[in-house]
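Engineer: This structure is in C-alpha cells; I'll ask about it shortly.
The values are calculated or read from the model by the stated rules, or taken from the named source; none is laboratory data. For clarity, every value in this text was computed on a predicted model and none was experimentally measured. Backbone-built Cβ (ideal geometry, glycine too); neighbour counts: all protein chains shown. Heavy atoms of the whole protein, side chains included, go into the accessibility calculation; ligands, DNA and RNA do not. Shrake-Rupley method; radii C 1.70, N 1.55, O 1.52, S 1.80 Å.
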Amino acid sequence: MAQLSDDCFAHGGALMRLDDALAELTQRLVPIAAMETLPLALCHNRILATSLVAKVAVPPRDNSAVDGYAVYHDDLSADGETHLRVIGRAAAGHPFEGPQPRGTAVRMLTGAVMPFGETGGPDTVMMQEDCARDGDVVVIRPGIRRGANRRLAGEDLRQGETVLKAGNILTAADLALAAAGGHAMLAVHRPLRVALVSTGDEVHEAGSALPDGGIYDANRPLLAALLTAAGCKVNDLGIQPDRRDHLAGVFAQAAREHDAVVSSGGVSTGDEDHVKAAIEAHGRLDFWRLAIKPGRPVALGQIGRIPFFGLPGNPVAALLTFCFFARPLLQRLNGAYPKPMRSFPVTAGFSYKKKSDRREWVRVSLQDDGKGGWRAEKYPVDGAGVITSLTRTDGLLELPEDLLRLEPGQPARFYPYEALGL
C-alpha cells in the first residue's frame with residue numbers, strides 16, 4: 001500500500017472555491033489501495049488498476065448482421081431482379097466450407113462468418129424479407145447498397161486497442177467489453193478499508209433510551225451507505241465520547257487497521273470539540289474553508305500517514321460535503337479517476353438570493369412544467385439538520401458562485417439524489 005506525504009492535506013486557511021480545492025487536492029493525491037486480480041464476476045463497481053488491451057478483434061471476422069443471403073454486390077442488377085443459385089448455408093459458429101464463387105449466393109443466419117471467395121469474397125447480405133426463394137435459386141430485388149448488413153471485423157474493438165483505462169470504475173457494460181476482448185480476470189484495486197466514527201456525548205444509538213438533551217445518530221447510517229456506494233469497505237466503530245485521550249486512542253488504532261478514517265461532528269473549536277487535539281496527538285489536522293453552503297468547514301488530516309476526513313455534524317451538511325468533496329478524494333485514493341456526477345438543467349419555480357463567490361445547493365422537488373421539461377420547487381425548510389428535506393424532495397439545485405439571485409423561470413443545474421448515491 002502506498003503512503004501519503006506528511007503534508008498532503010496542508011492548507012493555508014483561505015476560503016476556496018470547491019473546484020479549486022478539488023483540483024489542488026487531486027493533484028497531490030496518489031492511490032493508496034493495494035491491487036488484486038479477480039474474475040470478471042467479482043469486478044462490478046471495482047476500480048481497474050491497469051489499463052486493458054483487447055486480446056482479439058471484436059468481431060474476429062466479418063459476419064452477417066441479419067438472416068439472409070451473402071452475395072457479391074457486383075453480381076446484382078442495378079435496375080432489375082437478380083437470380084442467383086444458392087450453394088450452401090452458414091450459421092453462427094458454423095461457417096460455409098469452401099470459397100463462394102461469383103454468381104452464387106450462400107444462405108446466412110445472423111452472426112455467421114462471411115464466406116471467402118474471389119477478390120475478397122462476397123461483400124453484401126440481402127435480408128431474407130427482401131428476397132424470394134425459388135428452389136435452389138434466390139431472387140433479389142434491385143437497390144441494395146454495397147456492404148449492407150455486413151458487420152466488419154474489428155468494428156467494435158481492434159486487436160491491441162486499449163479497451164478500458166486504469167482508474168475506470170467498472171460498470172456491467174465494462175465487464176461485457178472486457179470479456180469480449182478476451183479477458184477473464186482483471187487487476188483491480190482493493191476497496192479502501194474505511195473506519196467510520198461518530199463523536200459527541202449527546203449522540204446515541206438509534207433504539208436506545210434517549211436521555212434529556214440527547215439525539216439519535218443519523219450520520220453513521222447515512223455515511224456508511226454513501227461510503228459503500230462509493231466502493232469502500234466500511235468498519236463501523238460506533239459512537240465515541242468527546243474525550244481527547246479516548247479519541248486519540250480510537251483514531252490511532254483505526255489508523256493501524258484501515259486505509260482511511262471518516263468521522264462526523266466534533267471538529268469545531270468549542271470546549272467539547274476534541275477531535276482536532278485527538279488527531280494532532282498522532283498527526284496533523286487542517287481545516288479547509290470551502291466556499292459552499294451548507295458545509296463550509298471540512299477537516300482533512302492524517303493520523304500518521306492515514307488520511308482522515310472530518311465532516312460536519314449536521315446530516316445535510318455531512319451529505320453534501322461527502323458527495324461533492326470527500327467522495328472524489330476517497331475514490332482517487334482508491335485508484336479511480338472520478339467522473340462528474342450526472343446532472344441536468346431544469347427551470348426554477350422560485351426566487352432565491354445568495355452571496356457572491358459561494359456555491360450553494362438547495363433541496364428541491366421536480367414538477368412537470370407542461371412544456372416537456374421540469375420545474376424545481378424549493379423545500380420550505382432548509383436547515384442543515386432537517387433530514388426530512390432529503391426524503392421529501394428529489395435532489396439538489398446547484399447555484400454557482402457567480403450567481404447572486406435566482407428568479408422563477410431561470411435555468412439551473414439539478415442533481416438527482418440517485419447520482420449522489422442516496
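Engineer: Scan the range 128-139 and report the pairs whose first residue is over 14 Å from MET108 (Cα atoms) and whose second residue is charged (D, E, K, R) and assigned to a loop (DSSP other than H, G, I, E, B), with Cβ atoms within less than 6 Å and a gap of 6+ or a chain change.
Structural biologist: That search, which allows pairs on different chains as well, returns VAL139/GLU81.
Engineer: Moving to a separate point now. So which residues in the range 280-298 are under 20 Å from VAL386 (Cα atoms), surrounded by fewer than 21 Cβ atoms within 10 Å (Cβ to Cβ) and modelled with pLDDT of 85 or more, if there are any at all? Steps first, please.
Structural biologist: Taking the range 280-298 as the starting set, the residues that turn out to be under 20 Å from VAL386 (Cα atoms) are 292-298.
Cutting the leftovers down to surrounded by fewer than 21 Cβ atoms within 10 Å (Cβ to Cβ) gives us 293-294, 296-297.
Hits for the range 280-298 are LYS293, PRO294.
Engineer: Go through (1) small (Gly, Ala, Ser); (2) closer than 27 Å to HIS183 by Cα; (3) exposed (fewer than 14 other Cβ atoms within 10 Å of the Cβ) and name the single condition GLY147 misses.
Structural biologist: Of the numbered conditions (1) small (Gly, Ala, Ser); (2) closer than 27 Å to HIS183 by Cα; (3) exposed (fewer than 14 other Cβ atoms within 10 Å of the Cβ), the odd one out for GLY147 is (2).
Engineer: Another one. Return a yes/no flag: does the range 266-279 have any residue that is assigned to a helix (DSSP H, G or I), buried (at least 22 other Cβ atoms within 10 Å of the Cβ) and at pLDDT below 85. Walk me through it before giving the result.
Structural biologist: Taking the range 266-279 as the starting set, the residues that turn out to be assigned to a helix (DSSP H, G or I) are 275-279.
The next check asks that each one be buried (at least 22 other Cβ atoms within 10 Å of the Cβ); those that pass are 275, 278-279.
Okay, now just the ones that are also at pLDDT below 85, so 275.
Yes, the range 266-279 has at least one match.
Each row is one residue, and each column tells you yes or no for (1) part of a loop (DSSP other than H, G, I, E, B); (2) touching a Ser or Thr at 6+ places or on another chain (Cβ under 6 Å); (3) open to solvent by less than 30 Å² (accessible area, probe 1.4 Å).
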| site | (1), (2), (3) |
| --- | --- |
| ALA23 | no, no, no |
| THR26 | no, no, no |
| ILE32 | yes, no, yes |
| GLU36 | no, no, no |
| ASN45 | yes, no, no |
| VAL56 | yes, no, no |
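Engineer: Which of the residues that make up the range 58-80 are without any contact (Cβ under 8 Å) to a residue 60 or more places away in the chain and either within 27 Å of GLY301 (Cα to Cα) or open to solvent by 60 Å² or more (accessible area, probe 1.4 Å) (or both)?
Structural biologist: ASP74
Engineer: Which ones in the range 305-348 are of a type in the set (A, V, I, L, M, F, W, C) and in contact with a Lys or Arg (Cβ under 8 Å, 6 or more places away or on another chain)? Show your work before the answer.
Structural biologist: As a first pass, look at the range 305-348 and keep what is of a type in the set (A, V, I, L, M, F, W, C): 306, 308-309, 311, 316-320, 322-326, 329-330, 333, 336, 341, 344, 346, 348.
Selection gives VAL316, PHE344, VAL346, ALA348.
Engineer: Take the residues in the range 91-110 that are under 46 Å from the mean Cα position of the chain (by Cα) and aliphatic (A, V, I, L, M), then tell me which one is most open to solvent (accessible area, probe 1.4 Å).
Structural biologist: ALA92
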